[in-house]
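Down below is the structure, laid out as structure tokens.
The values are calculated or read from the model by the stated rules, or taken from the named source; none is laboratory data. Just so it is clear, the model here is predicted, and its values are computed rather than measured. Here the Cβ is made from the backbone with ideal geometry for all residues, glycine too, and neighbour counts use every protein chain on show. Just so you know, the surface numbers come from the protein's heavy atoms only, side chains and all, with ligands and any DNA or RNA stripped out. Shrake-Rupley method; radii C 1.70, N 1.55, O 1.52, S 1.80 Å.
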Amino acid sequence: MKTIIAACSQNLSGSRASIQTALRTLLAVPWPSQRDVRSALQLLAVLQWVLSFLLLGTVSLLLLTYLLFTSLWLIPVLYLAWIIFDWDTPEKGGRRLPCLRRWTVWKHFRDYFPVKLVKTHDLSPRHNYIIGSHPHGILCVGAFCNFITGSTGFEELFPGIRSFLTTLAGNFRLPVFREYLMSGGLFPVTRRAIGYLLSQKGTGNAVAIVIGGAAESLSCRPGVTTLILKNRKGFVRMALRHGAFLVPSFSFGENDLFRQVVFEEGSWMRSIQRRFQKMIGFAPCLFYGRGLSCRSRGFLPYARPITTVVGEPVAVPKVENPSRELVDRYHELYIRALLKLFNENKTKYGMSESDELHIL
């Protein structure tokens, strides 16, 4: 009996010593620093944003289609009925939730790059504005962060001004994704939606339009700044019809976030991209960024600083039926203001004096 008790005591002592050793080993492991925690939060913020924009609409559509053939078929049927009833809401002011602009996640999103907003001139709340956002880049990170989230202080820099951002109308036909877009303050880039924002919500509205669109994303690559703008005049016509001032803005660093395989004009791959662009509204780009680790490749943007500079507004009169000559005139004035903005700020934000803005 004494032998058994002694053996048990030894086992208990050994177990206690093992536990103590394990605890000491655990405590000896270095805990993540505040910098590591911030970096992880920033990476997660960007990851959820990229996944939402790339996959939320498609995954939601596939899931609802699958549920249609299960015992839960009533869920997609009711949601389809809701979409039909709610079809025109995106073009009639949407359902913007101001609280979403103040989400802490957007501050982590901003700090990942980081993104900065620079003001050069005041915008009076007595007017409405159309802000031209350049360049498109791959995912319009600068435009989203500055004009949709409140993380860069747009409302503080421009008191009395409410910012909106337009995107492809086709995105608002995707289930669940449309609700996500509207809640953040995005609207279809259509005459009806833009006209509503500029005519039915009083003054102090600034509608940001990424003018180059999908066509411009095909030329996006580091070190090259090419804008599709020469024949894009619809935004000028809208500004004249509603008397909205034109404001150029440029996001320095937007084209440095991804690496893209750019196919030359006239190649068969470029022709395929153009056809897809005409059919579905966006161009399929072959691009890559970083993965979850810094040294791996993936679909996350590289952490490169983005500085969005908002330029001087071009005063525009209200003309219900502007002539072609008048549209051309204000289009030219806008291009001059954009070139001035670019040339005055390029050396401040990572570009050289010899860099030029190519407008096609």
Only one of these conditions is not met by SER71: (1) at pLDDT below 65; (2) open to solvent by 60 Å² or more (accessible area, probe 1.4 Å); (3) not hydrophobic (A, V, I, L, M, F, W, C). Which number is it?
-> (1)
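Can you work out which of the residues in region 130-173 that are of a type in the set (A, V, I, L, M, F, W, C) and part of a strand (DSSP E or B) is nearest to LEU339 (Cα to Cα)?
In the first step, residues of region 130-173 are kept if they are of a type in the set (A, V, I, L, M, F, W, C); the result is 130-131, 138-141, 143-145, 147-148, 154, 157-158, 161, 164-165, 168-169, 172.
Cutting the leftovers down to part of a strand (DSSP E or B) gives us 130-131, 164-165.
Working: ILE130: 17, ILE131: 15, PHE164: 24, LEU165: 22 Å.
The selected residue is ILE131.
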Only one of (1) open to solvent by 70 Å² or more (accessible area, probe 1.4 Å); (2) within 30 Å of PHE158 (Cβ to Cβ); (3) modelled with pLDDT under 90; (4) not hydrophobic (A, V, I, L, M, F, W, C) does not apply to GLN34, and that is (2)
Residues of region 74-102 satisfying the condition of being open to solvent by 60 Å² or more (accessible area, probe 1.4 Å), of a type outside the set (Val, Ile, Thr) and assigned to a helix (DSSP H, G or I) | LEU74, LEU78, LEU80, TRP82, PHE85, PRO98, CYS99
Being crowded, with 17+ Cβ neighbours inside 10 Å, touching a strand residue (DSSP E or B) at 6+ places or on another chain (Cβ under 6 Å), modelled with pLDDT of 95 or more and within 22 Å of LEU56 (Cβ to Cβ), is that true of even one residue in region 121-129?
-> no
Residue ID - modelled with the highest pLDDT, chosen from residues in region 281-291 that are open to solvent by 20 Å² or more (accessible area, probe 1.4 Å) and in contact with a helix residue (DSSP H, G or I) (Cβ under 7 Å, 6 or more places away or on another chain) = CYS285
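Could you tell me whether any residue of region 136-150 is more than 19 Å from GLY253 (Cα to Cα), surrounded by 17 or more Cβ atoms within 10 Å (Cβ to Cβ) and in contact (Cβ under 8 Å) with a residue 12 or more places away in the chain? Before you say what the answer is, go through the steps one by one.
If we filter region 136-150 for residues that are more than 19 Å from GLY253 (Cα to Cα), which is where we start, we get 150.
Now narrow it down to the ones that are surrounded by 17 or more Cβ atoms within 10 Å (Cβ to Cβ): 150.
Filter once more, so that each one left must be in contact (Cβ under 8 Å) with a residue 12 or more places away in the chain: 150.
Yes, region 136-150 contains a residue that is more than 19 Å from GLY253 (Cα to Cα), surrounded by 17 or more Cβ atoms within 10 Å (Cβ to Cβ) and in contact (Cβ under 8 Å) with a residue 12 or more places away in the chain.
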Candidate set from region 237-250 (those that are outside any strand (DSSP E or B) and touching a Pro at 6+ places or on another chain (Cβ under 8 Å)); member that is least open to solvent (accessible area, probe 1.4 Å) = LEU240
Which numbered condition GLU254 fails, given (1) open to solvent by less than 10 Å² (accessible area, probe 1.4 Å); (2) under 25 Å from ASP328 (Cα atoms); (3) at pLDDT 85 or above = (2)
Report yes if VAL105 is out of contact with any Lys or Arg (no Cβ under 6 Å at 6 or more places or on another chain), in contact (Cβ under 8 Å) with a residue 40 or more places away in the chain and more than 21 Å from VAL207 (Cα to Cα), otherwise no.
-> yes
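Would you mind stating whether ARG101 is charged (D, E, K, R), out of contact with any strand residue (DSSP E or B) (no Cβ under 7 Å at 6 or more places or on another chain) and under 17 Å from GLU254 (Cβ atoms)?
Spelling it out, it is not the case that ARG101 is charged (D, E, K, R), out of contact with any strand residue (DSSP E or B) (no Cβ under 7 Å at 6 or more places or on another chain) and under 17 Å from GLU254 (Cβ atoms).
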